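Peer 1: Provided herewith is a single structure, encoded as structure tokens, for subsequent inquiry.
Just so it is clear, none of the values below were taken in a lab; they were calculated from the coordinates. Worth saying up front: this structure is predicted, and the values here are computed from it rather than measured. Positions of Cβ are backbone-derived with ideal geometry, glycine not excepted, and every protein chain shown enters the neighbour counts.
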There are 2 protein chains.
Amino acid sequence: MKAKVYVTIKENVLDPQGTAVQGALHTMGFAEVGSVRIGKYLELELDTNDKAEAEARVKAMCEKLLANVVVEDYRVELEG
Amino acid sequence: MKAKVYVTIKENVLDPQGTAVQGALHTMGFAEVGSVRIGKYLELELDTNDKAEAEARVKAMCEKLLANVVVEDYRVELEG
């Protein structure tokens with residue numbers, strides 16, 4: 001089973017990396033770009049067939065390691 | 001219009017960050033985790049209503065700045 005995890009910075013938290021990329025895009029002539037937010041995208045291969053258990057386990061991984069839940073949100077999608 | 005951009009490391013390119021996370025997850029007791037691949041997830045607000053033009057522009061941003069096309073793939077989704 002494959003898990004896709006999206007880790008994003010919470011809406012009310014500043015994203016200096018996104019701001020830097022926005023500035024670079026403006027400098028390059030992409031003036032239509034408004035806010036830019038940058039997060040992480042993870043793909044995990046899981047050796048299990050129990051979807052409910054897999055989801056609970058991946059959420060535990062996010063809480064403990066993959067996301068900083070103070071300033072980040074996460075979303076999990078399971079496939080196969 | 002909102003663009004979501006997924007930047008992932010190409011299949012045949014090593015991902016040392018993913019390998020490190022896999023090792024950490026194993027140490028924490030998540031033995032079911034196989035390969036871990038880590039990429040970037042970007043959300044861009046675009047001040048335009050022309051979807052076809054927006055897609056071409058975002059792809060140009062990826063080629064020029066957001067992705068290193070030598071070792072990374074990217075995928076663009078447009079919303080709204």
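Peer 1: Counting pairs of alpha carbon atoms under 8 Å apart in space and at least six apart in sequence, what relative contact order in percent does chain B give? Mind showing how you got there, number by number?
Peer 2: Numbers: 103 pairs, mean separation 41.8, N = 80.
RCO, chain B: 52 percent.
Peer 1: Per the helix-only calculation at 222 nm, which mean residue ellipticity applies to chain A, given -39500 (n - 2.57) for every DSSP H run of n ≥ 4 and division by its residues, nearest 500 deg cm²/dmol? Show your work: numbers first, answer last.
Peer 2: On the way: 2 runs with 23 residues, N = 80.
When only DSSP H runs of four or more count, the value is -9000 deg cm²/dmol.
Peer 1: Something else now. For residue B:53, go 7 angstrom from Cα along the Cα-to-Cβ vector, then report the distances to that same point in the other copies in nm, smallest first.
Peer 2: Label-point distances to the other copies, shortest first: 5.4 nm.
Peer 1: Moving on. Once the dipole of the stretch A:2-79 is set up with Lys and Arg at +1 and Asp and Glu at -1 on Cβ about the Cα centre, which of A:38, A:19, A:60 lies farthest towards its positive end?
Peer 2: Farthest towards the positive end: A:19.
Peer 1: Ok, one more. Quick one: in chain A, whose Cβ comes closest to the A/B rotation axis, and how close in angstrom?
Peer 2: Of all Cβ atoms in chain A, the one nearest the axis gives A:41, 2.
Peer 1: Only four residue types carry charge here, +1 at the Cβ of Lys and Arg and -1 at the Cβ of Asp and Glu. Report the dipole size of the protein assembly as shown about the Cα centre in Debye, rounded to the nearest 20.
Peer 2: Numbers: 20 positive and 28 negative charges, 51 e Å.
Computed about the Cα centre, the dipole is about 240 debye.
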